[in-house]
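The structure appears right after this line, and notes come after that.
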Amino acid sequence: MKKIIFLTFIAIFLSFTPLFSQETSWDYPIRPGSREWATLPTTADRVKAIQVPEDVLPKLSDQQLLDLILNYPFFNSYILSDNPFDGYQRTMVTLNAYGELKSRPESLNIIFDHYNRMDFSQINKLGESAEIGRFALRVSAIELMLTDFSLDKTLSLEESEKILEGVSRKYTEKSVNEEELLGLGKLTTAFLAANVFNGQPTLKNKIYKKNELENFVANIRVVSNDFVDNIINQINYPQNR
């Protein structure tokens with residue numbers, strides 16, 4: 001009798017298990033190209049229409065928030081700004097999912113993992129020049145995101161070096177498609193690395209022009225080509241750090 005009661009209890013428990021394991025999901029209700037999108041007269045109206053409901057935000061996982069950010073219709077709009085990093089920050093602050101992910105303790109790690117898994121060779125499978133351009137802008141946007149999130153964290157020397165090693169590896173992958181990925185992409189790689197160097201005195205001391213480093217992290221456009229090359233050389237040669 002006890003065995004029957006026990007098995008009945010297990011069966012009831014298992015029947016309720018999905019209620020506790022299911023994740024909340026959410027997607028943008030309208031997208032560019034849809035009739036609903038076209039009926040909204042201004043960018044502000046479109047931004048408002050695709051905000052995540054406030055009661056849903058805390059229920060979304062870090063990965064779900066990142067997916068929403070990467071699929072934000074205005075994700076590549078930073079390119080319209082003279083200063084890509086300022087443009088990126090002004091664009092992404094309009095999405096409430098971005099602020100929610102920033103508040104999560106593992107946010108930088110999940111973005112960095114996504115960046116490391118990106119397959120830059122996919123660009124060779126894109127036929128249209130517009131598609132290639134969007135892919136390249138997306139790669140640079142993710143580097144700007146990593147920069148933005150890293151500035152909100154107090155990184156240890158070990159964490160900083162891990163990021164630089166990853167950036168070095170991805171830069172080598174970018175170099176295979178230099179023409180497509182190392183225009184703006186070279187600048188955003190150097191900007192990410194420069195901010196990591198600047199946040200660690202031990203690493204910063206390896207940069208031979210500290211004033212130029214500080215000017216660069218303050219304004220991505222205030223930099224010489226020689227200095228960008230110097231930053232790239234630093235991340236590509238770990239023995240220099």
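The values are calculated or read from the model by the stated rules, or taken from the named source; none is laboratory data. If you're wondering where the values come from, they're calculated on a predicted model, not measured in any experiment. Please note: Cβ atoms are built from the backbone with ideal geometry, for glycine as well, and neighbour counts cover all protein chains shown.
I'd like to verify a number: residues in the range 146-196 that are farther than 20 Å from ASN83 by Cβ and part of a helix (DSSP H, G or I), how many?
23
Enumerate the helices (runs of 4 or more DSSP H) found wholly within the range 15-128, keeping only those where 2 or more residues are more than 21 Å from the chain's Cα centre (by Cα) and exposed (fewer than 13 other Cβ atoms within 10 Å of the Cβ).
Working: elements: 35-39, 43-49, 62-70, 84-92, 96-102, 107-117.
Output list reads 35-39, 43-49.
Identify, by number, the condition in (1) of a type outside the set (Val, Ile, Thr); (2) at pLDDT 95 or above; (3) crowded, with 17+ Cβ neighbours inside 10 Å that LEU203 doesn't meet.
It fails just one condition, (2).
Just to be sure, is THR154 in contact (Cβ under 8 Å) with a residue 40 or more places away in the chain and either surrounded by fewer than 21 Cβ atoms within 10 Å (Cβ to Cβ) or under 21 Å from ILE111 (Cα atoms) (or both)? Explain how you work it out, then say what you get.
Numbers: in contact (Cβ under 8 Å) with a residue 40 or more places away in the chain: no; either surrounded by fewer than 21 Cβ atoms within 10 Å (Cβ to Cβ) or under 21 Å from ILE111 (Cα atoms) (or both): yes.
No; evaluated as a whole, the condition is false for this residue.
In this structure, is LEU66 modelled with pLDDT under 95 and of a type in the set (A, V, I, L, M)?
Working: modelled with pLDDT under 95: no; of a type in the set (A, V, I, L, M): yes.
In short, no.
Under 8 Å between Cβ atoms, at least 6 apart or on separate chains: pull out the pairs that start in the range 170-191 with a residue that is free of Cβ contacts under 8 Å to residues at least 40 places away in the same chain and end on any residue that is among the hydroxyl-bearing types (Ser, Thr, Tyr) and surrounded by fewer than 18 Cβ atoms within 10 Å (Cβ to Cβ).
LEU182/SER175
Within the range 145-152, identify whether any single residue is of a type in the set (Phe, Trp, Tyr), within 18 Å of the chain's Cα centre (by Cα) and closer than 14 Å to ILE231 by Cβ, and answer yes or no. Write out each step before concluding.
Residues of the range 145-152 of a type in the set (Phe, Trp, Tyr): 149.
Now drop any that are not within 18 Å of the chain's Cα centre (by Cα), which leaves 149.
Of the ones still in play, those that are also closer than 14 Å to ILE231 by Cβ are none.
No: zero hits.
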